[in-house]
Structures are given as structure tokens and as C-alpha cells.
Amino acid sequence: MAISLGAGEETPMSDINTTPLVDVMLVLLIIFLIAVPVAIQTVEELQIPIIASNESDDKVENLLITVSTTDAEGRTPRTIRSGFSGAIREGECRIFLNNTTLVDSSDLYDAAFARLDAIVQRAGGPEAIMQDPDLIPQVHIRGDKNAPWRCVAGTIFNIQAAGYPTVAFISNPVDPN
């Protein structure tokens, strides 16, 4: 507040009381700091980058898993022509073992566990395979860029629950030209 000490002159006060202005601005700043990040999240526009990577030493024992979803008409991707028009985010998860066998979550766990158990037994048991960690197979996941994270995360969970310690993702390599 401004206090006038003048000797009786009645002039309009031209000073601005800035305290309420600062209070209003601080409240608006806090509201925008909270609201803006929520408003600009664009997970739907996520594009997986094409990156340069080193070629892995593939072993026969490595497990290749493809994660996709159904298309808008509910069709599943196949190796033969099925009219599949592309994975959509709202589609049902589809998981393929070695690019051929369509499995659900429980079948994925069972098949991955049986495969890993056979490899460990062939190597001479858990103690023998731990002596040479290069014998432990890896899991390579190829995910469709439109497959939602729930499908990929569920696949990773089942694979790790089955006992595979290493999960890797396959990406498109960078075109050298």
C-alpha cells in the first residue's frame, strides 16, 4: 500500500500494488508447471530409432521372439499372406517363437523353460554351464514399432521368469549409404 504524506493535496494515487499481482503470477506458474507436461505427452508418436549396432555372435541355442499385435480387423500376422494390414496399439498381443510358432503368455513361459532346461541338461547341469557362460543362450526380441509396451514387457517378464539371464532387442541397422 502506498501512503501519501502530502499536505492536503488530493491527487489520485498512481502507484501499483504489486503484491497481489505477484501472488497471482506465482499461482499461474505453478499451475502451468503441472499442467504442461501432462498436456504434451505424446507416447503415440514414439518412433524406435534406427541405430548402428555390432553384430552379435548368433548361436543355434539363442531364442528369437517376435512381438506384434493384431490389426484393426483382428487379423494376426503370418508368414503366409493373410491380409494383415499392420499392428495397431489397441490390438491383442501376438508372440511368435523363432518367427513361426504363435504362443500365448503361459505357452511362452513353458516353451522357453523347457528349451533352456534341455540346453542346461545337455551342458551337464547348472554347475557345468556356469563354468562357461558363453553356453548360456540369449533371447533376441524383435518388436513391431506399433506393439504397445505391455506386450513387450509381458514377454520380457515371462522370459526372465523362465530363467534366461540375457534379453536383447533387435533393431534395423543403419544403411551405410
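With a cut-off of 18 Å, note down the residues of the stretch 91-125 whose backbone N falls inside the zone around a label point 7 Å from the Cα of residue 167 toward its beta carbon.
Counting only backbone N, you get 93-99, 103-117.
Given a Förster distance of 41 angstrom, what is the FRET efficiency for residue 110 paired with residue 72, based on the Cβ-Cβ distance and rounded to 0.05? Can you show the working numbers first?
Values: r = 31 Å, r/R0 = 0.75.
The calculated FRET efficiency here is 0.85.
Run the simple label-point estimate for residue 22 and residue 131 please: 7 Å along Cα→C-beta, distance reported in nm.
In this crude label model, residue 22 to residue 131 measures out at 7.6 nm.
Read-outs throughout are calculated quantities, based only on the coordinates presented, and are distinct from any laboratory measurement. Note that this is a predicted model, so its numbers are computed, not measured. Don't worry about glycine lacking a Cβ; one is built from the backbone with ideal geometry, like all the others, and counts go over all protein chains shown.
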